[in-house]
Amino acid sequence: MALNRRDILKFPFLAMAATTIDAKNERDRKKPYSPIPLLQKLEKPLMPPITKPRIVIVGGGFGGLTVAKKLKIAYPDAEVIVLDKREIFMTGPMFNLMLGGIDRVRLDTIIHNRTIPAAKYGYRLIVTEVIDIDRRFKHVYTTKGIVDYTFLVLSPGIAYDYEKQFPHWDSEKITLARTISPAGLIPGEEFLTLLHNLHLVKEGNIIVTVPMGKYRCPPAPYERACMFANYIRKHRLKAKVIVIDSYSEPVSKTPAFKEAFHEVYPDIIEYYGDSIVTDVDYDNKVIHFDYWGPGSGDDGTSMKKSFSLLNLIPNNKANPVIEMANIKTLAWGSAVLKAPTYQSVTDEDIYVVGDCVGYSVFPESGQMANSMGTICAKHIALRLQNRKFDPTKDMPGNICISMIQSEPDRAISESHAITYKNGKWEVEGYIPFDKSTKQYRSPLIAQTLFDWYDGIMEDILG
Ligand SMILES: Cc1cc2nc3c(=O)[nH]c(=O)nc-3n(C[C@H](O)[C@H](O)[C@H](O)COP(=O)(O)OP(=O)(O)OC[C@H]3O[C@@H](n4cnc5c(N)ncnc54)[C@H](O)[C@@H]3O)c2cc1C
């Protein structure tokens, strides 16, 4: 039976198992309010006093912009303010396709103008960096001044944890790593640097590392490996892609990525599972790692590889804005929620959506952030009208499509249905397989990727 759109979008089975952080790791730091020491906080108000319910949203990305638009639609009388440190909204989705040299994806595909939906729906967008939060007085401190709130929504995304992964590196070496081998999981300069570095490659190894634990968009490093390989093939470069993975096998869409590595790129992609990056010699362009996979022996094998381009993706953590709010967090730094709502267990006037919802069953994806943002906006709008919200009726869902190759276009997909049963979040995943071609990759899924992207951008910004 061939695949159809319905197959692609349905949600059974389990996935994301390797990204577990248990609730037992939860910690309540109960630290006193502590200002950011290095930045001088501006004590002057940035906004006039509150005259109607003011919802302040930190982060104008997938989660934050969804909340802003949908809240203004559901409750136009709310004053909605989005704070973001960046001028533009650049998306992670589709960026890997740019690396792959896929013609229909250009820089202006992934860059969007947030001022258009802000004007259309009547929310305010302020470009400023949030540097602290004081829940006692409901103050958000920004580099431009204080913004007071009635309810606060946090969707600030992720940060990198080089310090934890490489305790022997000083700040200079970390800066070198960020500059020379950017992770490319946070849109902006990192994307441009990666693209630039790729275009300089004529031969040699392009290396992608996969971090330990939870990280943003689990399929992204594997999709990127395929897109680097697509670029190498397209430009007939004498180059290889080496994946150095801390997991034993691709942690997302496992059989489908294995199929791509073995069947589409057997001559280009070299895969090392169970491998831990130990150091990088930037002078000599060599990466060192311990390999613990098959044939490595009891003590593992120390290996090194030279590189022409290194995409070093370090361990991730929740964005420090969550810590600023001084709410209860999981070990990853993400918020502990009053499940199944997106309210913090510590403070019901603070909501958290997007990648900073760090439960193991929640894939860190734009689709999930959009889904959670939609539910969060509904909850806040009902609360403002003193109406009851039944959180069990609205569950988030995810579909995630990864491009494998172009000309002919092929992509793979996985979807996740999230449920809340007996006081626990649960997830079922489904990876479509085309029985007629006996392949996971398919042209229909590739087309669905472009449709999905247009659809989600329309939902957030249109
Ligand atoms: C290469 C790549 C490919 C991806 N592919 C897919 C895909 O195919 N499908 C999919 O669903 N997802 C994909 N994702 C994942 C998706 O981009 C994220 O999961 C999603 O962006 C999370 O939304 P968010 O709202 O939590 O964070 P973001 O969208 O990152 O938004 C966070 C915002 O907060 C702002 N911010 C951070 N700190 C501060 C501060 N202190 N003050 C003010 N503003 C601040 C940031 O500037 C940013 O705009 C991909 C990601 C990458 C990197």
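Values as computed for the structure displayed
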quantity: Test: residue in region 395-407 that is away from the ligand (no atom under 11 Å from the Cβ), open to solvent by 10 Å² or more (accessible area, probe 1.4 Å) and touching a Pro at 6+ places or on another chain (Cβ under 8 Å); calculated: yes
quantity: Extreme residue, modelled with the lowest pLDDT, among residues of region 204-263 that are under 19 Å from the mean Cα position of the chain (by Cα) and charged (D, E, K, R); calculated: Lys214
quantity: Unique match (being within 15 Å of the ligand (Cβ to nearest atom) and either farther than 27 Å from Thr109 by Cα or modelled with pLDDT under 95 (or both)) among Ile418, Ile412, Ile460, Ile445; calculated: Ile418
quantity: Which listed residue is crowded, with 17+ Cβ neighbours inside 10 Å and either at pLDDT below 95 or within 25 Å of Pro432 (Cα to Cα) (or both), from Gly373, Gly366; calculated: Gly366
quantity: Selection within region 131-172 - within 13 Å of the ligand (Cβ to nearest atom), open to solvent by 40 Å² or more (accessible area, probe 1.4 Å) and either assigned to a strand (DSSP E or B) or closer than 21 Å to Thr51 by Cβ (or both); calculated: Lys144
quantity: Cβ-Cβ under 8 Å pairs, at least 6 apart or on other chains, region 85-100 side near the ligand (Cβ under 8 Å from one of its atoms), far side of a type in the set (Lys, Arg) and assigned to a loop (DSSP other than H, G, I, E, B); calculated: Phe89/Arg114; Gly92/Arg216
quantity: Any hit, region 59-81, residues being within 16 Å of the ligand (Cβ to nearest atom), over 27 Å from the mean Cα position of the chain (by Cα) and either modelled with pLDDT of 95 or more or buried (at least 18 other Cβ atoms within 10 Å of the Cβ) (or both); calculated: no
quantity: Failed item, numbered, when Gly122 is tested on (1) within 13 Å of Leu461 (Cα to Cα); (2) open to solvent by less than 20 Å² (accessible area, probe 1.4 Å); (3) over 24 Å from the mean Cα position of the chain (by Cα); (4) not charged (D, E, K, R); calculated: (2)
quantity: Strands (runs of 3 or more DSSP E) wholly inside region 268-332 that include at least 1 residues being in contact with a His (Cβ under 8 Å, 6 or more places away or on another chain) and within 23 Å of Tyr247 (Cα to Cα); calculated: 275-281, 301-306
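Listed here are the residues, each with its yes/no results for (1) more than 22 Å from the chain's Cα centre (by Cα); (2) open to solvent by less than 60 Å² (accessible area, probe 1.4 Å).
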residue: His379; (1), (2): yes, yes
residue: Phe389; (1), (2): yes, yes
residue: Val427; (1), (2): no, yes
residue: Tyr430; (1), (2): no, yes
residue: Tyr440; (1), (2): yes, yes
residue: Glu458; (1), (2): no, no
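The rows are residues; the columns are (1) within 15 Å of the ligand (Cβ to nearest atom); (2) touching a residue at least 60 places away in the same chain (Cβ under 8 Å).
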{"site": "Met324", "(1), (2)": "yes, yes"}
{"site": "Lys338", "(1), (2)": "no, no"}
{"site": "Val345", "(1), (2)": "no, no"}
{"site": "Val353", "(1), (2)": "yes, yes"}
{"site": "Phe362", "(1), (2)": "yes, yes"}
{"site": "Gln367", "(1), (2)": "yes, yes"}
{"site": "Ser371", "(1), (2)": "yes, no"}
{"site": "Arg387", "(1), (2)": "no, no"}
{"site": "Gly423", "(1), (2)": "no, yes"}
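The values are calculated or read from the model by the stated rules, or taken from the named source; none is laboratory data. What you are looking at is a predicted structure, and each value in this text was computed from that prediction instead of being measured. Backbone-built Cβ (ideal geometry, glycine too); neighbour counts: all protein chains shown. Please note that ligands, DNA and RNA were not included when accessible areas were found on the heavy atoms of the full protein model with its side chains. Shrake-Rupley method; radii C 1.70, N 1.55, O 1.52, S 1.80 Å.
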